[in-house]
Amino acid sequence: MHTPVLLKEVIGLLDPKEGEIFIDATVNGGGHARAIAERVGLTGKVIGVDWDCDLIKKSSITNRESKITNIDLVCDNYVNLRKITGDRDIQRVDGILFDFGFSSYHVDASGRGFSFLRDEPLDMRYSPEDNELTAESVVNTWPQERIADMLWQDGEERWARRITKGIVEARARKKIISSKELAEIIVRSIPRRGRSHIHPATRTFQALRIAVNHELEFVEQALPLAYALLVPGGRLAAISFHSLEDRRVKTFLKEQEKQGTLRMLTKKPLRASPEEIRANPRSRSARLRGAIKII
């Protein structure tokens with residue numbers, strides 16, 4: 001079951017009130033959206049967006065069973081926020097939340113190869129319906145130099161060239177088709193002296209997921225769209241799970257603050273409490289930043 005991270009902190013930053021309109025641009029399991037919906041009441045609305053239609057279906061069932069009627073769920077990418085709101089004749093909103101990255105569902109139940117601990121097809125797409133690029137395609141067809149650059153840039157993997165060499169040698173023998181196969185190749189490629197407390201495949205799988213789903217490009221595209229949709233006094237909150245995402249959020253908010261269009265609500269990112277980390281280990285890496293629109 002997906003547990004919304006930093007829920008208390010998100011609600012504190014967004015400060016939703018009766019009758020307001022919010023967008024949860026990455027609805028995932030719907031926990032944040034339901035908490036916001038409770039506060040905006042029946043005169044308000046939450047638009048819940050997710051690129052993974054399976055998650056939208058699951059959230060729809062949960063909302064229906066819980067008799068929640070003020071959440072409007074839509075399967076789409078958050079880079080299409082302007083179209084999503086336009087289709088609903090909404091010009092401005094009071095707050096927007098991004099919870100970047102993948103959900104526990106993707107790792108535990110999607111069957112798409114997001115986890116190096118499972119033996120699943122190498123897919124890693126959030127939206128198989130409208131994204132043709134798969135992790136299998138990347139590892140089997142991309143040139144060696146391109147894979148190495150991707151692992152370095154999107155995974156910050158210090159052993160990028162060794163891992164890439166291992167992938168290229170392995171795919172020359174036979175096509176790499178499963179997450180387990182790829183994880184074993186990565187483990188063999190990294191010398192024991194170079195291993196840390198995290199699994200050797202962690203950064204490679206992160207890089208592949210980011211590349212397949214164009215995550216960093218979409219973050220950069222979505223933040224200005226979100227700002228444009230906010231009313232003056234509207235609030236923006238973004239949860240990141242690694243430095244590449246967080247760096248982009250921080251840069252955007254600081255640039256807008258310098259221009260006098262936003263005011264930062266978080267000098268430093270908010271982090272999960274020890275209690276939350278014990279209850280939900282995934283929250284350990286979560287970083288929450290927020291801002292309020294001035295003009």
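With respect to the chain, whose longest principal axis is taken over its alpha-carbon atoms, helix 53-65 is tilted by about 40°. Ordering Val231, Trp142, Thr204 by the projection of their Cα atoms onto the charge dipole of the chain, which places +1 on the Cβ of Lys and Arg and -1 on the Cβ of Asp and Glu, puts Thr204 at the extreme positive end. Run the paramagnetic zone check for Val231: 7 angstrom along Cα to Cβ, then residues of the stretch 12-27 with backbone nitrogen under 12 Å. Taking a point 7 Å out along Cα→Cβ of Val231, the residues of the stretch 12-27 whose backbone N falls under 12 Å are 17-22. Compared with the alpha-carbon gap, the fully stretched path from Asn131 to Ser243 is longer by 37.8 nm at 0.36 nm per residue. With contacts taken as Cα pairs under 8 Å at a separation of at least 6 residues, the stretch 111-213 carries a relative contact order of 39 percent.
Loop-resident trypsin sites (Lys or Arg not before Pro) (DSSP state other than H, G, I, E or B) in the stretch 200-295 with no more than 12 further Cβ atoms inside 10 Å of their Cβ: Lys267. Alpha carbon centre of the stretch 1-49 versus the stretch 141-157: separation in Å? Comparing the Cα centres of the stretch 1-49 and the stretch 141-157, I get a distance of 36 Å.
For the stretch 1-84, averaging the sequence separation of C-alpha pairs within contact (under 8 Å, six or more residues apart) and dividing by the residue count gives a relative contact order of 28 percent.
In order along the stretch 100-113, phi translates into HN-Hα couplings of 5, x, 9, 9, 4, 4, 4, 6, 8, 9, 6, x, 10, x Hz, rounded to whole numbers, per the Karplus curve 6.51 cos²θ - 1.76 cosθ + 1.60 with θ = phi - 60° and x for Gly and Pro. With contributions of -39500 (n - 2.57) from each DSSP H run of at least four residues, the per-residue ellipticity at 222 nm computed over the chain stands at -13500 deg cm²/dmol. Under the definition of Cα pairs under 8 Å and six or more residues apart, what whole-number percent is the relative contact order of the chain? Relative contact order of the chain: 19 percent.
Think of each Lys and Arg Cβ as +1 and each Asp and Glu Cβ as -1; about the Cα centre, that makes the dipole of the stretch 111-213 roughly 700 debye. Here Asp123, Asp50, Asp149 are placed in order of increasing Cβ neighbour count within 10 Å, fewest first, which gives Asp149, Asp123, Asp50. Based on the Kirkwood approach, the hydrodynamic radius assigned to the stretch 111-213 is 13.3 Å, with every pair of different Cα atoms included.
The distance between label points at Glu217 and Ser285 comes to 2.3 nm (points 7 Å beyond Cα on the Cα→Cβ vector). Note: the chain, Cα convex hull, 132 Å³ per residue.
Remark: spin-label model distance Thr202-Val107 equals 1.0 nm, labels positioned 7 Å along the Cα→Cβ axis. Once the gyration tensor of the Cα atoms in the stretch 27-149 is diagonalised, the equivalent ellipsoid follows with semi-axes of 32, 17, 11 Å, ordered largest first.
Where a number appears in this text, it was derived from the coordinates with a stated rule and is not lab data. Just so we're clear, the structure is a prediction, and the values are computed from it rather than from any experiment. When we count neighbours, we look across all protein chains shown, and the Cβ atoms used for this are built from the backbone with ideal geometry, even at glycine.
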